[in-house]
Amino acid sequence: VAVEMQDDTQEHVANLGNVRLSEPIDVGWWGSFCDYLRRLFPQSRELLSILGFAGVWYTHDQLHLVTIAVDPAAQGKGIGQALLLAVCDLAIEAEFDTIALELRASNDRALRLYEYFGFRCVGRLNSYYSDNNEDAIVMLLDGLASTEQPEALVNARSEYVRSHGRDF
C-alpha cells in the first residue's frame with residue numbers, strides 16, 4: 001500500500017531508516033515505487049501506517065537497491081521479504097538482469113535475507129560508511145532477465161506465497 005510522500009511521511013520514513021536528514025528526501029525513487037505498488041494494490045489508496053520502504057536507483061544497466069527498512073515493531077512478519085520481492089519485480093519490469101546493493105558488514109540479518117534471495121557477495125568497500133567507517137559488503141543478484149529466474153528467487157517467492165498468502 002502506498003501514498004504520496006508528504007512532509008510528515010518523510011519524517012516517518014527517515015525514522016524507519018534511522019537517518020537524520022538535513023534536507024527533504026528526494027521523492028523521485030519513492031514516486032516510482034509508489035506507482036508500482038498502486039498497480040499491485042489498486043484497491044488500496046490510503047495508508048494507515050508505513051511499516052517499511054525501499055529505495056532504488058535505475059542505472060543504465062542495473063537496478064541499485066539503495067535502502068530498505070522495516071519498522072522494528074513490524075519486523076519478522078515478511079514485510080522485508082515483500083519489499084525485496086517488489087524490488088526484484090521492478091528490476092524485471094525494467095528488463096534489468098542485475099540488482100546491486102551494499103550493506104553494512106555488521107548487518108547479519110540483512111545479509112542472510114539477501115543470500116536467501118540469491119544475492120552473492122562480490123566485494124567489500126573498506127570504511128564505506130562515513131558515520132563509523134564501517135565496511136560495506138557489495139552484493140549482486142543476476143539472471144533476472146533470463147527466461148528462468150534465479151532458483152533462490154523463485155524459491156523465496158514460493159515460500160513467501162505459502163507463508164503469507166500473497167503473490168508478488
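Quick check on my filter: what residues within the range 57-80 are in a loop (DSSP other than H, G, I, E, B), under 14 Å from residue 99 (Cα atoms) and in contact with a strand residue (DSSP E or B) (Cβ under 9 Å, 6 or more places away or on another chain)?
Residues satisfying the conditions are 59, 62.
Within the range 81-141, considering only strands (runs of 3 or more DSSP E) that don't extend past its boundaries, which have at least 2 residues that are surrounded by 15 or more Cβ atoms within 10 Å (Cβ to Cβ)?
On the way: elements: 99-104, 120-125, 136-141.
Output list reads 99-104, 136-141.
Just to verify a result, which residue in the range 139-167, among those that are in contact (Cβ under 8 Å) with a residue 40 or more places away in the chain and over 14 Å from residue 118 (Cα atoms), is nearest to the chain's Cα centre (by Cα)?
So, considering only residues that are in contact (Cβ under 8 Å) with a residue 40 or more places away in the chain and over 14 Å from residue 118 (Cα atoms), the one nearest to the chain's Cα centre (by Cα) is 160.
Can you tell me how many residues in the range 58-73 are touching a helix residue (DSSP H, G or I) at 6+ places or on another chain (Cβ under 9 Å) and either more than 17 Å from residue 114 (Cβ to Cβ) or loosely packed, with under 15 Cβ neighbours inside 10 Å (or both)?
Number satisfying all stated conditions: 4.
List the number of the failed condition for residue 105; all other conditions in (1) among the small types (Gly, Ala, Ser); (2) closer than 22 Å to residue 58 by Cα; (3) in contact with a strand residue (DSSP E or B) (Cβ under 9 Å, 6 or more places away or on another chain) hold.
It fails just one condition, (2).
For the range 117-162, give me each residue that is among the β-branched types (Val, Ile, Thr) and within 25 Å of residue 104 (Cα to Cα).
122, 137, 138
Where a number appears in this text, it was derived from the coordinates with a stated rule and is not lab data. Keep in mind the model is a prediction, meaning the values are calculated, not measured. Positions of Cβ are backbone-derived with ideal geometry, glycine not excepted, and every protein chain shown enters the neighbour counts.
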